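Only the coordinates and a few stated rules stand behind these numbers; no lab work does. Quantities reported herein were computed from a predicted structural model and do not represent experimental measurements. In this analysis, Cβ positions are derived from the backbone assuming ideal geometry, glycine residues included, and neighbour counts consider all displayed protein chains.
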Amino acid sequence: MTLEFTPMAGSHAIEVKGIEGVPLAPADTRQLQEAFEQSALLVIRDLELTNESHIAFTRAFGDLVIHPLEFLRHRDNPEIIELSTSPEEPLAEDDPTADEIVAYSGWHTDLTFNPVPSLGGFLRPIEIPPESGYTAYIDAAEVYQALPEATKQKIHGLTVVHSLLDNRAGVPKDADIDFPDEVEAMEEVIHPLVFSHPYNGRPVLFISPTFTRKIVGLSQEASDQLLGELKEFATDERFSYVHIWQPNDLVIWDNWQSIHKGYGHKKKYRRVMHRTTLEGNRNLMDYLM
Ligand SMILES: [Fe+2]
């Protein structure tokens, strides 16, 4: 059976069907690698994976990252981060916090606080809540194309400081989590605001709103203003594909040319997701535009 690649209506996402299993057939691997290099987002359906085959599938695209935050790592498979905020026991019917939204994460690109940001994320659902828990994705090259010409001129050649600890990776300030020394010691890094994608040449607006701190050479005020305007433009609904999770989905995003966010879900529901992360292999500053 050959693979089917179908653009999803009204969005940049591409649905992939027909993968028979892992290990991948060599022809399927090549087709998927090509699709990955061209697209911001692949939505694979009906692929049954285990932790081991999830890792093996990701290896077909490159080396894997071990996430710097140990508490996120899966106990038996450190290449997997487990995203779970679910209660171990069901909440009581009358728990006043049952409908509070948990696991929300704002718009970001993964690991841009690293000198070489990860190249891709491979996310699959383990437990899906009966409602919500969606994830939204934006194609950041499509956003760049849509920018007004004057803005493209204005941001040409700019670079941006990114860091993790200013927002503790999104972990609430009162959470009882000690960051490891190597994380505390992480230095700020600088990435281009626009770069030419190393694999496909598309110009990308590279903003990771959770981790961007300041545009180099601007005052904090001017930087906040410009990054705020760019974020508002980029995260407009017209660019956003909202993924509603189904069992046996595997969503793959090119982390260099996309931004994503998690909507969160009601606390009374369980939601568990597993992500593997593909290591970046280029210094994006070499592709500054
Ligand atoms: Fe993320």
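In the chain, inverting the average of 1/r over every pair of distinct C-alpha atoms gives 19.8 Å as the Kirkwood radius.
Computed from the C-beta positions of L165 and A27, the FRET efficiency with R₀ = 41 Å rounds to 0.40. When each of V116, V204 is scored by the number of other beta-carbon atoms lying within 10 Å, the sequence from fewest to most is V116, V204. Residues of region 108-138 falling in the label zone of A146, defined by backbone nitrogen less than 14 Å from a point 7 Å along Cα to beta-carbon, are 137-138.
Counting other Cβ atoms within 10 Å as a rough exposure proxy, the listed residues W245, W256 run W245, W256 from fewest neighbours to most.
What does the charge count near V102 come to, summing +1 for each Lys or Arg and -1 for each Asp or Glu among other residues with Cβ under 12 Å from its Cβ? Neighbour charge sum, excluding V102 itself: +3.
Relative contact order of the chain, taken over Cα pairs closer than 8 Å and 6 or more residues apart, is 36 percent.
Listed cross-link partners K231/K266; K17/K261; K214/K268 are compared with a 29 Å cut-off, the Cα-Cα value being larger for K214/K268. The mean sequence distance of close C-alpha pairs (under 8 Å, at least 6 residues apart), as a share of the length of region 1-160, puts its relative contact order at 15 percent. Taking the DSSP bridge list for region 1-102 and keeping only pairs wholly inside it, about 60 percent are antiparallel. The lysines within cross-link reach of K267, meaning a Cα-to-Cα straight distance under 22 Å and a gap of 8 or more places when in the same chain, are K173.
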